[in-house]
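These notes concern the structure reproduced below.
The values are calculated or read from the model by the stated rules, or taken from the named source; none is laboratory data. Just so we're clear, the structure is a prediction, and the values are computed from it rather than from any experiment. Note that we place each Cβ from the backbone using ideal geometry, even for glycine, and neighbour counts take in every protein chain shown. With ligands, DNA and RNA removed, areas are computed over all heavy atoms of the protein, side chains included. Shrake-Rupley method; radii C 1.70, N 1.55, O 1.52, S 1.80 Å.
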Amino acid sequence: MTLAQKEFVDDLRAQWKKLWQERVDDKVRAEGIAITDYSKLFVEKGTIIHATKDFKALNFKEILEQHKIENSERFIQPSPQVGGWGKFIKTDLTRQKPQRTKRAEAYYPEKKEVQQPKKGGRGWLHV
């Protein structure tokens, strides 16, 4: 990985962010449209970059591969389904139960057995 390659990827990433920040949202057709030309991203003015139905979304990894950048996976975070910091936090850190020590368990009062309710739980009958 050369320094020039890293600078080129950083420039692509800056244009990628600018593309998504400056898009026009067409609420009638539920689409996102590019405002200007982004030649390095292979996106022209008026290109639909986001839609709800039957649409293949833009992918930054594919753009890097079109520019023939080696090891394009190194520049992109893995998806949450595959793994990464987000999945690690959700699966390992947030679901841990608090650990009690044996000494703390000794101070809990013992639970008494629940007696069978009188009159089958119906209470006292008043005549």
Original post:
Taking VAL9, is it among the hydrophobic types (A, V, I, L, M, F, W, C), surrounded by 12 or more Cβ atoms within 10 Å (Cβ to Cβ) and touching a residue at least 60 places away in the same chain (Cβ under 8 Å)?
Top reply: yes
**OP:** Could you check TRP85 against (1) open to solvent by 80 Å² or more (accessible area, probe 1.4 Å); (2) among the aromatic types (Phe, Trp, Tyr); (3) touching a residue at least 60 places away in the same chain (Cβ under 8 Å) and say which number it fails?
**Re:** (3)
**OP:** Could you grab the pairs with beta carbons closer than 7 Å, sequence gap of 6+ or different chains, first residue in segment 16-36 and of a type in the set (S, T, N, Q), second one assigned to a loop (DSSP other than H, G, I, E, B) and open to solvent by 50 Å² or more (accessible area, probe 1.4 Å)?
**Re:** THR36/LYS45
**OP:** Quick one: in segment 21-58, of everything that is assigned to a loop (DSSP other than H, G, I, E, B), open to solvent by 50 Å² or more (accessible area, probe 1.4 Å) and aliphatic (A, V, I, L, M), which residue is modelled with the highest pLDDT?
**Re:** ILE35
**OP:** Please indicate, with yes or no, whether at least one residue in segment 101-111 is at pLDDT 75 or above and either part of a loop (DSSP other than H, G, I, E, B) or farther than 15 Å from LEU12 by Cβ (or both).
**Re:** yes
